[in-house]
Amino acid sequence: MAAKTFDVVVIGAGPGGYVAAIRASQLGLKVAIVEREHMGGICLNWGCIPTKALLRSSEVFHLMHRAKEFGLKADGIDYDLDAVVKRSRGVAKQLNGGVGHLMKKNKVEVVMGEATIPAKGKVSVKTDKGTEELAAKSIILATGARARELPGLEADGDRVWTYKHALQPPHMPKKLLVIGSGAIGIEFASFYNTLGADTTVVEVMDRVLPVEDAEISAFAKKSFTKQGIKIMEKAMVKQLDRAAGKVTAHIEAGGKIEKQDFDTVISAVGIVGNVEGLGLEALGVKVDRTHVVTDEFCRTGVDGLYAIGDIAGAPWLAHKASHEGVMVAELIAGKHAHPVKPESIAGCTYCHPQVASVGYTEAKAKELGYDIKVGRFPFIGNGKAIALGDAEGMIKTIFDAKTGELLGAHMVGPEVTEMIQGYVVGRQLETTEEDLMNTVFPHPTISEAMHESVLAAYDRALHI
């Protein structure tokens with residue numbers, strides 16, 4: 001059978017791949033997308049979206065318990081875990097269908113199946129009906145990543161879970177161990193702890209949320225501890241002994257190993273790129289620790305082959321994948337494309353309190369040799385946060401003392417995942433402290449704390 005010919009074939013329909021396909025189609029290219037499992041990829045089906053739905057349920061549950069503080073009455077507060085999960089799956093399903101609709105609307109041909117690249121410009125897809133051959137001048141790899149499994153700590157779906165099991169739990173954990181305190185680990189710890197699980201988090205680094213600014217990590221840790229989460233830093237789970245209904249974890253900390261029993265363990269120790277079975281080695285694609293090596297324009301060094309999103313390395317974030325997808329589509333269409341700078345990408349963690357950041361941490365800015373000015377503002381000085389009954393948090397801004405450039409912004413507290421975008425736009429527009437100081441922030445809003453944090457960096461804060 002003759003190969004179907006396209007301008008672009010995208011492998012993987014997650015937030016990198018499907019966005020790349022849409023943009024390429026908008027630019028007049030003939031596009032096909034190959035997906036082996038779900039339209040929308042991990043993000044829509046088993047990641048960003050369903051976790052936010054779960055966390056929303058736990059947030060409402062938490063607020064119901066605080067009804068009295070708001071002059072309200074609520075008795076017999078309880079939850080139905082099956083119904084919480086069902087809502088989360090419904091949200092994911094709605095969006096998954098939406099991606100299918102977007103492909104149709106943009107005339108992108110969808111091929112469901114497993115892809116290999118037998119030769120440059122060729123994609124072979126194993127489908128339910130047999131093998132389909134596609135040909136294209138440009139191929140975009142957007143195959144994503146999966147949970148890293150450490151030897152001896154592998155998930156079994158019963159008592160030891162990955163994020164997938166945690167999204168459709170076979171039981172409600174009573175005593176939960178979360179291995180890893182990055183965004184995924186902390187979000188699940190936050191969700192299950194709020195619903196009443198006795199939760200312990202083990203982190204191998206010296207602090208939780210290790211990619212965040214040290215001050216923000218410390219603040220978040222204090223909050224998590226107050227909520228009853230036990231946090232063990234500089235600690236490592238060496239082995240798990242599985243028995244009926246329980247798991248005994250051997251945890252090494254401070255040179256000693258202690259054994260603790262749990263009924264559930266969630267492993268969230270990072271990800272590995274989906275690089276297998278594509279035929280990359282034969283093509284001469286460089287792979288470093290399960291990630292495809294690319295230049296700033298996502299080119300792999302093999303003519304006409306690009307890699308975007310998680311498979312192309314950190315930061316492993318959906319919005320980074322989408323922007324790379326757009327950039328590559330524009331590059332293929334001969335437009336002037338702008339590389340995506342890692343330090344301009346915000347990171348958001350939807351635990352309680354929320355954490356968000358963009359740019360350099362204080363330590364990184366100093367390490368890069370900047371002379372810096374740092375401003376901080378606590379939410380306790382913000383009227384709206386107090387009115388919301390959510391005044392725990394702070395905003396920290398870091399400026400270049402010489403030029404006034406905003407080098408980094410770090411936030412912990414209510415709705416900071418929405419507010420960080422203000423600083424992201426500011427950095428994109430190459431704003432200075434003066435621009436931010438002269439910006440009129442509406443009152444009363446939590447965002448006023450962003451203004452105050454900038455003022456504080458220059459000893460001009462008004463409300464503290």
Residue within the stretch 301-312 that is at negative phi, of a type in the set (D, E, K, R) and either open to solvent by 20 Å² or more (accessible area, probe 1.4 Å) or part of a loop (DSSP other than H, G, I, E, B) (or both) present: yes
Residue that is nearest to ASP198 (Cα to Cα), among those in the stretch 236-280 that are touching a residue at least 40 places away in the same chain (Cβ under 8 Å) and polar (S, T, N, Q): THR264
Only one of GLY408, GLY393 is surrounded by 22 or more Cβ atoms within 10 Å (Cβ to Cβ) and closer than 28 Å to PHE70 by Cβ. Can you tell me which? GLY393
Looking at THR131, is it open to solvent by less than 60 Å² (accessible area, probe 1.4 Å) and at pLDDT 95 or above? no
Hey, LEU63 more than 29 Å from GLU114 (Cβ to Cβ), open to solvent by 50 Å² or more (accessible area, probe 1.4 Å) and outside any helix (DSSP H, G or I) or not: no
Suppose we filter ILE231, ILE186, ILE216 for residues that are over 28 Å from SER88 (Cα atoms) and within 22 Å of the chain's Cα centre (by Cα); which single one remains? ILE216
Residue, farthest from ASN382 (Cα to Cα), within the stretch 423-437, restricted to residues that are among the polar types (S, T, N, Q) and open to solvent by 20 Å² or more (accessible area, probe 1.4 Å): GLN428
Out of the strands (runs of 3 or more DSSP E) lying entirely within the stretch 141-217, which hold 1 or more residues that are more than 30 Å from LEU407 (Cα to Cα), among the aliphatic types (A, V, I, L, M) and modelled with pLDDT under 95? 145-147
Of those in the stretch 233-268 that are part of a loop (DSSP other than H, G, I, E, B) and at pLDDT 95 or above, the residue most open to solvent (accessible area, probe 1.4 Å) is LYS234
What's the number of the condition THR403 fails, among (1) of a type outside the set (Phe, Trp, Tyr); (2) touching a residue at least 40 places away in the same chain (Cβ under 8 Å); (3) farther than 17 Å from ALA449 by Cβ? (2)
Output yes when any residue across the stretch 347-370 is over 21 Å from SER181 (Cα atoms), touching a helix residue (DSSP H, G or I) at 6+ places or on another chain (Cβ under 7 Å) and not hydrophobic (A, V, I, L, M, F, W, C), and no when none is. no
Filter result for ALA337 (part of a helix (DSSP H, G or I), in contact (Cβ under 8 Å) with a residue 40 or more places away in the chain and more than 15 Å from the chain's Cα centre (by Cα)): no
Return the residues of the stretch 24-33 that are part of a helix (DSSP H, G or I) and open to solvent by less than 60 Å² (accessible area, probe 1.4 Å); say none if nothing qualifies. ALA24, SER25
So which residues in the stretch 34-50 are free of Cβ contacts under 8 Å to residues at least 60 places away in the same chain, surrounded by 24 or more Cβ atoms within 10 Å (Cβ to Cβ) and assigned to a helix (DSSP H, G or I), if there are any at all? LEU44
Those residues of the stretch 174-186 which are surrounded by fewer than 23 Cβ atoms within 10 Å (Cβ to Cβ) and either among the acidic types (Asp, Glu) or closer than 22 Å to GLU258 by Cα (or both), in sequence order: LYS174, LYS175
Regarding the stretch 332-345, can at least one residue be identified that is buried (at least 21 other Cβ atoms within 10 Å of the Cβ) and closer than 19 Å to LEU29 by Cα? yes
Could you say which residue among ILE464, ILE386, ILE398, ILE420 is under 29 Å from the mean Cα position of the chain (by Cα), within 28 Å of LYS226 (Cβ to Cβ) and open to solvent by 40 Å² or more (accessible area, probe 1.4 Å)? ILE386
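The values are calculated or read from the model by the stated rules, or taken from the named source; none is laboratory data. Note that the structure is predicted; figures quoted are calculated from it, not measured. Here Cβ is always computed from backbone atoms with ideal geometry, including for glycine, and neighbour counts include all displayed protein chains. Just so you know, the surface numbers come from the protein's heavy atoms only, side chains and all, with ligands and any DNA or RNA stripped out. Shrake-Rupley method; radii C 1.70, N 1.55, O 1.52, S 1.80 Å.
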